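A short write-up of the structure that comes next.
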Amino acid sequence: MGAELNIDTSNATVSEEDLIKYKGALKEAQDFLNKSKEGTGWVRLPFNYDRSELKRIQSTAVKIQEQCQVFVVIGIGGSYLGARAAIEMLGPLQQNLPEIYYAGINISGSYHAELIDRIKDKDICICVISKSGNTTETAIAFSLFKQLLLKKYGKQASERIYVITDKEKGVLREEAEREGYVSFVIPDDIGGRYSVLTPVGLLPMAVAGIDIESVLDGALKEAELADRSEKYAAIRNELFNRGKLIEIFEYYEPRLHFFAEWLKQLFGESEGKEGKGIFPAALALSTDLHSMGQYLQEGNQIFFETILNVEEPKMDIVVPESAGSFLAGKSMNQINRAAMEGVIEAHKGANIPMIKIDIPVLNPYNFGRLVYFFEKACALSGCLMGVNPFDQPGVESYKSEMRKALK
Ligand code: PA5
């Protein structure tokens with residue numbers, strides 16, 4: 001169990017009075033999430049997780065750990081980002097676990113040729129994840145890695161292929177049944193970007209040695225604290241209505257890079273429709289202060305900042321004497337914290353609205369809490385904006401144009 005995750009809205013420039021007008025709409029949004037069956041399965045998931053499914057995920061992960069040196073996760077968007085966010089945030093947790101690689105995350109021939117070249121002589125298992133079963137990137141990568149496994153293991157290849165897809169629909173389900181691959185189900189009422197706490201995220205996390213029961217415990221804890229996500233959702237809408245069109249997720253720990261990528265997808269695909277939506281962006285600090293710091297301080301003030309603050313990073317190191325008087329002897333984490341505090345003060349001076357999420361430590365429990373907090377806040381925020389946070393009609397347009405170009 002971790003200490004408390006804290007949502008600090010004291011610098012959000014939004015008062016309690018400003019939020020009163022959202023109360024009615026928030027109640028309607030909560031009712032919608034509680035009652036609707038379309039895309040809302042994740043809301044109830046932490047309360048009624050199928051424990052036998054959880055055990056099957058854990059035992060499959062152990063089998064994969066024993067079977068291979070390299071585990072390739074094949075999937076994109078919601079079928080990829082959550083697992084990678086957790087693994088990059090928390091891993092590696094033990095020695096001798098399979099190395100994890102990701103395929104089908106782009107259509108780059110170089111990326112995939114280099115990856116195959118790097119791992120081809122090792123023992124490999126693959127896990128293909130796709131709700132629809134027909135996503136182009138995933139289908140291409142699956143065919144490449146299946147070919148590699150068939151070449152290496154012949155008929156035994158099927159014992160090294162794991163599938164996570166729809167219960168009944170799609171070519172991937174058909175193939176899994178036909179070939180006898182070990183498979184898991186993505187529930188009907190949970191869409192890609194809300195699926196981290198299903199086998200989509202949990203199986204790769206478990207292979208990486210992450211305690212997935214603790215992830216679910218964290219999500220459950222957060223699910224019991226509805227008003228925090230309500231407040232954040234209302235503040236976002238208030239800022240949007242004041243012309244703050246961009247939300248910048250800022251983090252000072254590089255381990256949060258893929259969590260921020262997951263946030264971009266979650267908010268971008270959930271809210272960006274019908275000409276509406278806050279544009280989600282991410283900056284790695286202090287790195288990006290040296291490229292974007294000037295814009296933040298004095299540029300067009302159409303953004304607000306959501307700071308992901310890790311209070312106790314995993315490791316630390318002391319700066320040697322040679323670094324100079326006011327740095328020497330201090331720990332890097334201390335200096336990193338001073339950088340964050342300095343940025344906050346400077347941005348307060350520029351009237352930039354800021355929300356700070358204090359994460360006591362990066363652990364599976366807090367990962368679960370963060371996932372649930374942001375999923376709930378995002379869904380509520382989309383409802384307040386008057387869009388359906390669970391569809392993505394716009395994603396189809398480029399796909400049909402690409403199909404035309406290929407023909
Ligand atoms: O959130 C979403 O719905 C998308 O990002 C999908 O996860 C992504 O397009 C991959 O789709 P699929 O799981 O069907 O392969």
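Hey, if you put +1 on the Cβ of every Lys and Arg and -1 on every Asp and Glu Cβ in the chain, which of T198, I7, L256 ends up farthest toward the positive end of that dipole? So the residue furthest toward the plus end is T198.
Karplus-derived 3J(HN,Hα) values for region 170-176, using 6.51 cos²θ - 1.76 cosθ + 1.60 with θ = phi - 60°, are x, 5, 5, 4, 4, 5, 4 Hz; glycine and proline are entered as x. Estimated at 0.36 nm per residue, the fully extended path between K399 and N48 surpasses their Cα-Cα distance by 122.8 nm.
Helical runs (DSSP H, four residues minimum) scored at -39500 (n - 2.57) apiece and divided by the length of the chain put the mean residue ellipticity at 222 nm at -15000 deg cm²/dmol. Between helix 51-67 and the chain there is an angle of about 70 degrees, using the helix long axis and the longest principal axis of the Cα atoms. Each peptide in 366-374, 139-147, 11-19 gets a packing score, the mean of other Cβ atoms within 10 Å over its residues, and the list from highest to lowest is 366-374, 139-147, 11-19.
Stokes-Einstein diffusion of region 273-331 at 10 °C, 1.306 mPa s viscosity, Kirkwood radius from Cα pairs, rounded to a whole number: 105 µm²/s.
On a per residue basis, the convex hull of the C-alpha atoms belonging to region 224-292 measures out at 116 Å³. Note on the chain: Rg/Rh from Cα positions, Kirkwood definition for Rh, rounded to two decimals, is 0.98.
The charge dipole of the chain, taken about its Cα centre with unit charges on the Cβ of Lys, Arg, Asp and Glu (plus for the first two, minus for the last two), comes to roughly 1160 debye.
Dividing the Cα radius of gyration of region 41-210 by 2.2 N^0.38 Å, with N the residue count, gives 0.96. Ranking E175, E345, E274, E88 from most to least accessible surface, computed with a 1.4 Å probe over the protein chains only, gives E274, E345, E88, E175. Positive-end ranking of V43, L283, I352 along the dipole of the chain, with charges on Cβ about the Cα centre, is headed by V43. Between T135, I105, I119, the Cα set farthest toward the positive side of the dipole of region 97-145 (charges on each charged residue's Cβ, about the Cα centre) is that of T135. Against the chain, whose longest principal axis comes from its Cα atoms, helix 23-35 is set at around 10 degrees.
Sorted into 5 angstrom bins from 0, the C-alpha pair distances of region 153-200 split as 5, 21, 29, 19, 14, 8, 3, 1 percent. Each Lys or Arg adds one and each Asp or Glu subtracts one; over the other residues with Cβ under 13 Å from the Cβ of K169, this totals -3. Here region 41-210 is assigned +1 on the Cβ of each Lys and Arg and -1 on the Cβ of each Asp and Glu. Its dipole about the Cα centre then comes out at about 140 debye. The HN-Hα couplings worked out from phi for region 346-362 by the Karplus form 6.51 cos²θ - 1.76 cosθ + 1.60 (θ = phi - 60°) are 5, 6, 4, x, 9, 6, 7, x, 9, 10, 10, 9, 8, 10, x, 8, 8 Hz, whole numbers, x standing for Gly and Pro. Taking the three principal axes of the alpha carbon atoms in region 147-257, the coordinate ranges are 60, 33, 29 Å, sorted in descending order.
The phi torsions of region 135-152, fed into the Karplus equation with coefficients 6.51, -1.76 and 1.60 and a -60° offset, translate into couplings of 6, 4, 4, 5, 4, 5, 5, 4, 5, 5, 6, 5, 4, 4, 5, 4, 5, 7 Hz, rounded to whole numbers, with Gly and Pro shown as x.
The values are calculated or read from the model by the stated rules, or taken from the named source; none is laboratory data. Keep in mind that this is a model prediction, so the values were computed, not measured. Reconstructed Cβ throughout: ideal geometry from the backbone, glycine too, with neighbour counts over all protein chains shown. All accessible areas refer to the heavy atoms of the entire protein, side chains included, with ligands and DNA or RNA removed. Shrake-Rupley method; radii C 1.70, N 1.55, O 1.52, S 1.80 Å.
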